[in-house]
Structures are given as C-alpha cells and as structure tokens.
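A.B. asks: Got a structure here, written out as structure tokens. Questions coming.
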Amino acid sequence: MIHFERLELGNGLRVLVHEDTSTPLAAMNLMYDVGSRDEDPEKTGFAHLFEHLMFGGSVNIPDFDTEMQKTGGENNAFTGNDITDYYCTLPAENIETAFWLESDRMLQLDFNERSLEVQRQVVVEEFRQRYLNQPYGDIWLLLCPEAYRVHPYGWPTIGKDPEHIRQATLDDAKKFFYTHYAPNNAVLAVTGNVRTEQVFRLAEKWFAPIERREVPVRCLPQEPEHGEAGFLSVERQVPACAVYKTFRIDGIFTHGYYCADMLTDVLALGRSARLYQRLVKEKQMFSEINAFITGDADPGLLLIHGKIMPGISVDQADAAIMRELDELSSAVLPPPELEKLKNRFEASFVIHHMNSLNKAMQLCRHELIDGAYMLNRETEIYRSITAEQLRTAAANIFRRENSVTLHYNARA
C-alpha cells in the first residue's frame, strides 16, 4: 500500500505526496498531459523536441541542469505517446530547489532562436542515430503507420520525418508551450523523506502564482477495426532475420490491459516462459524472443518480436509464434502457472515501488488516467483475473485480423 495525500491548487495543478523516511532522498515528478498524439500530423516529433527545449533555460534561470547539480541532484525527462515527464532526485533537504526550477520553466521558457537551433540539431541527430542508422532501428517507423491508419499513434514519438523537426519555428514552440504546458494540464508528485505539509506549502509558494491556461479539449480520431491482417516485409543490412507482430489491445489501466500484460508474462517473462522454452530452448528457432505492451492511454499494442536462427525461414518462425498464440487462445492456463504469474507480479510490484521515483511516476500516471488511488488496487486487480478471462482475452487479441506483421529480412 502506497499512502499519499492529494491537493489541487486553485490553478488546477494536482499535487500528490508520499512520505518515506527510510531514504535521505526526495523525488519530484512533473507529468504533463501532452505527448506525440497531440501533434499536428504535418509537424510530428514536436512534443519530443519541446522536451529538449525545456532544458534550454527559462526566463530567470539560464541553465536548469547546473542549478540542479549544485544541490547534488539528478534530473531527466522523456516523451511518450500520451505524456511528457520531467523528474529529479535530490537530497530531501534541498527539495525547494526542485520546486523553484520546475515552477520557473512552467511559468515561461526563454524562447530564442539559438536554443531552438541547437535542440533541432540534437533531435535530428538522434533520429538518424537511433532510428535510421541502427540495426532494426526503423521498426516503429514501419509498424506505426500500418497499425494506426487514422489515430495519431501512427507515428513514433521521434516523428515521421526529420524534416518536420528541421522546419520547427520559434512561433511553433511558443504556441506548443502556451497550449499544453499549464498547471491545469499537469500532475506533480513528490515522494521520499518529505513532509506532506511542507510539500503543500512549497507547491502553494512556487506553483500557485502561475495562472491557468486555456488547454484545448482533446478530440482524437479513433482507430477503426481494420478487418484484415496487416503485413510488411523489408530487407536490411542486419545480423539476423527477425519477425515482429503487433496486436491491438485496450488502453492502459483497463481490465483488458491487465489481461494483456499477464499474457506477455506467460509468453516471455524469463527463461521459464512459453516462447523461450519452446521456440528458443526446445526448437531452437530463435536466438531471442520477447513480448511487451505499449501501455498507451488509447488502445495500444502488444508486440512480440524475435531474432531468428540461421537455417530457419521468416515464414517458419512466424508460423511457430502463431501456433503458440493459438494454443494460449484455446486452453486455460494450469492453476500452478497462473498462480506463479500472480506471485511474480506481487513481488515485482513491491520491488519496483521501493524506489521513490518509481512511486512518483506511477502516482502521476494513474492520476492522469483513472485516479492515483487506483495504484493501490493493481495487486487486487491482477489477483482477480481468472484463467478463463486470460483465455478469452488471448482469443480476442491474437486474431489474425487484429495483427500487423513485419518480416525483417537480413540482406545477403
């Protein structure tokens, strides 16, 4: 159980506090309700670019990182389909510095052409290095448009094309900031060796003076059922052939999402999982194979991917995966296998939330989607899932017409 207190400021900022005296540190997590799904289809990658711009200095503080490091703290950020997240850990006695820094850049960035040009170059280089020049790096550039033909999940957070980043203007940056970076579009969580009344007082001091902003109501096109399987085949200069299969699943923190999460554990969590035991160890068709879910607010994806052993064709490997999925869809899990899954989840939940920053992030994410109090119900939810519910979920998810398959062939 993660005990926390909640306060909503007059400007709409939601503040969550979890006290933990077992650590000398404090963690602050500021999550904005904006991600790549909120971008203009002709200006993609901007949420990620803006994440970089947030470290370029505010009107009053020219260098965010330097000030944070003076306190002995560390900070970073990431952009997702739905959110942009800024976080730091620092000695608890210096927590007010984090309030000062984060509130100042929420108030107003130092918008200037020099900073924009520097960050444009950084992001374009990241696009090239991670997505274009790295083996298997372009899979999301290939899969996203096929999995989502209408919804803005149809491009990865890096964007569709580096040219969109190169063309970003200072006016674009200002518009994005004042549209999305608002106290009423964010959740702040502080965890660690702090006191609730102290955090609430600092939140009032540093964030309450920032005025609410007009945040547009999100109205995104919903992805329809495609009615047929999607398929792509490419050839690249890579060490081994690979297969990637995506299946549409329900949005995060729904019952269907939790079932999909458990199914990926059945398939690929550790060396005792089915895909490893049968396709890596026994049949030696893959050198490695994995499965995970994207955890998106709107219907997301379950992805299965594996590197194929020499002498095995991509078609053979693909068919072997589908046989395992068909079996999972047609027969209930034996009670010992299901109980093992649930025990492992409980253990991982406890271990994961021993870290103050992880707790802060999860409190923010739940608060945005279904209320922070739901974090404490996750163990109960997983515990309540039955073998028959998992079989039904598998049968619904692993339908051919619900899939997109990418055959990634190694160039001879």
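A.B. asks: With the condition kept exactly as written, say whether any residue in region 191-199 is part of a strand (DSSP E or B), loosely packed, with under 13 Cβ neighbours inside 10 Å, in contact (Cβ under 8 Å) with a residue 60 or more places away in the chain and not β-branched (Val, Ile, Thr).
C.D. replies: Among the residues of region 191-199, not one is part of a strand (DSSP E or B), loosely packed, with under 13 Cβ neighbours inside 10 Å, in contact (Cβ under 8 Å) with a residue 60 or more places away in the chain and not β-branched (Val, Ile, Thr), which makes the answer no.
A.B. asks: While we're here: Give Trp140, Trp155 a once-over and let me know the one that is without any contact (Cβ under 8 Å) to a residue 60 or more places away in the chain and within 30 Å of Pro239 (Cβ to Cβ).
C.D. replies: When all the criteria are applied, what remains is Trp140.
A.B. asks: Same structure again: Could you tell me whether any residue of region 136-153 is touching a Gly at 6+ places or on another chain (Cβ under 7 Å) and under 28 Å from Arg105 (Cα atoms)?
C.D. replies: no
A.B. asks: Cβ contacts < 8 Å: first residue over 15 Å from Asp171 (Cβ atoms), restricted to region 105-120; second residue among the small types (Gly, Ala, Ser) and not in a loop (DSSP other than H, G, I, E, B), any location; separation 6+ or different chain. Result?
C.D. replies: Arg105/Ser58; Met106/Ala186; Leu107/Ser58; Gln108/Ser58; Asp110/Ser58
A.B. asks: Among the residues of region 68-80 satisfying the criterion of being without any contact (Cβ under 8 Å) to a residue 60 or more places away in the chain and within 14 Å of Glu51 (Cβ to Cβ), which is nearest to the chain's Cα centre (by Cα)?
C.D. replies: Phe78
A.B. asks: Moving on. For region 123-176, how many residues are in contact with a strand residue (DSSP E or B) (Cβ under 6 Å, 6 or more places away or on another chain) and either within 28 Å of Ser58 (Cβ to Cβ) or part of a loop (DSSP other than H, G, I, E, B) (or both)?
C.D. replies: 1
Rundown of residues vs (1) within 16 Å of Ser103 (Cβ to Cβ); (2) surrounded by fewer than 18 Cβ atoms within 10 Å (Cβ to Cβ); (3) out of contact with any Gly (no Cβ under 7 Å at 6 or more places or on another chain); (4) touching a residue at least 24 places away in the same chain (Cβ under 8 Å), yes/no style:
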residue	(1), (2), (3), (4)
Asn11	yes, yes, yes, yes
Thr23	no, yes, no, yes
Glu39	no, no, yes, yes
Phe46	no, no, yes, yes
Thr66	no, yes, yes, no
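A.B. asks: Tell me yes or no: at least one residue of region 280-296 is touching a His at 6+ places or on another chain (Cβ under 7 Å), in the same structural domain as Asn396 (by TED's automatic domain parsing), of a type in the set (Ser, Thr, Tyr) and over 30 Å from Tyr178 (Cα atoms).
C.D. replies: Looking through region 280-296, none of the residues is touching a His at 6+ places or on another chain (Cβ under 7 Å), in the same structural domain as Asn396 (by TED's automatic domain parsing), of a type in the set (Ser, Thr, Tyr) and over 30 Å from Tyr178 (Cα atoms).
A.B. asks: Residues being free of Cβ contacts under 8 Å to residues at least 40 places away in the same chain and assigned to a loop (DSSP other than H, G, I, E, B): count how many of those fall in region 273-295.
C.D. replies: Matching residues across region 273-295 total 4.
A.B. asks: Please verify whether Val34 is surrounded by 23 or more Cβ atoms within 10 Å (Cβ to Cβ), assigned to a loop (DSSP other than H, G, I, E, B) and not assigned by TED's automatic domain parsing to the domain that holds Glu346, treating the condition exactly as stated.
C.D. replies: Judged against the criteria, Val34 is a match.
A.B. asks: From the residues in region 139-150 that are over 15 Å from Gly45 (Cα atoms) and of a type outside the set (A, V, I, L, M, F, W, C), which one is surrounded by the most Cβ atoms within 10 Å (Cβ to Cβ)? Talk me through it step by step, then tell me what you get.
C.D. replies: First, pick out the residues of region 139-150 that are over 15 Å from Gly45 (Cα atoms): 139, 142-143, 146-150.
Still in the running and of a type outside the set (A, V, I, L, M, F, W, C): 146, 148-149.
Working: Glu146: 16, Tyr148: 23, Arg149: 13.
By that ranking, first place goes to Tyr148.
A.B. asks: Taking region 200-237 on its own, how many of its residues are touching a residue at least 60 places away in the same chain (Cβ under 8 Å) and closer than 22 Å to Pro91 by Cα?
C.D. replies: The total comes to 7.
A.B. asks: Further question on the same structure: Which of the numbered conditions does Val118 fail, given that it passes all the others? Conditions: (1) part of a helix (DSSP H, G or I); (2) among the aliphatic types (A, V, I, L, M); (3) surrounded by 19 or more Cβ atoms within 10 Å (Cβ to Cβ); (4) out of contact with any strand residue (DSSP E or B) (no Cβ under 9 Å at 6 or more places or on another chain).
C.D. replies: The one condition Val118 does not meet is (3).
A.B. asks: Something else: Could you list, in sequence order, the residues of region 164-189 that are out of contact with any helix residue (DSSP H, G or I) (no Cβ under 9 Å at 6 or more places or on another chain) and of a type in the set (D, E, K, R)?
C.D. replies: Asp171, Lys174, Lys175, listed by residue number.
A.B. asks: State all residues of region 48-63 that are assigned to a loop (DSSP other than H, G, I, E, B) and either buried (at least 20 other Cβ atoms within 10 Å of the Cβ) or within 26 Å of the chain's Cα centre (by Cα) (or both); if no residue qualifies, say none.
C.D. replies: Kept after step one, since they are assigned to a loop (DSSP other than H, G, I, E, B), are these residues of region 48-63: 54-57, 59-63.
Listed by number, the residues that qualify are Met54, Phe55, Gly56, Gly57.
A.B. asks: Looking at Gly270, Gly251, can you tell me which residue is at pLDDT below 95 and outside any strand (DSSP E or B)? Give the derivation first.
C.D. replies: Details: Gly251 fails: at pLDDT below 95.
Being at pLDDT below 95 and outside any strand (DSSP E or B) holds for just one of Gly270, Gly251, which is Gly270.
A.B. asks: Can you run down the residue pairs with Cβ atoms below 9 Å, 6 or more apart or on separate chains, where the first is in region 81-100 and in the same structural domain as Gln69 (by TED's automatic domain parsing) and part of a loop (DSSP other than H, G, I, E, B) and the partner is among the polar types (S, T, N, Q) and modelled with pLDDT of 95 or more?
C.D. replies: Every condition considered, the pairs that remain are Asn81/Ser36; Asn81/Thr157; Asn81/Thr294; Asp82/Ser36.
A.B. asks: Just checking, does region 402-410 include any residue being without any contact (Cβ under 8 Å) to a residue 60 or more places away in the chain and either farther than 16 Å from Tyr258 by Cβ or among the aromatic types (Phe, Trp, Tyr) (or both)?
C.D. replies: Step one: list which residues in region 402-410 are without any contact (Cβ under 8 Å) to a residue 60 or more places away in the chain, which gives none.
Among the residues of region 402-410, not one is without any contact (Cβ under 8 Å) to a residue 60 or more places away in the chain and either farther than 16 Å from Tyr258 by Cβ or among the aromatic types (Phe, Trp, Tyr) (or both), which makes the answer no.
The values are calculated or read from the model by the stated rules, or taken from the named source; none is laboratory data. Just so it is clear, the structure is predicted and the values come from calculations on it, not from any experiment. Please note: Cβ atoms are built from the backbone with ideal geometry, for glycine as well, and neighbour counts cover all protein chains shown.
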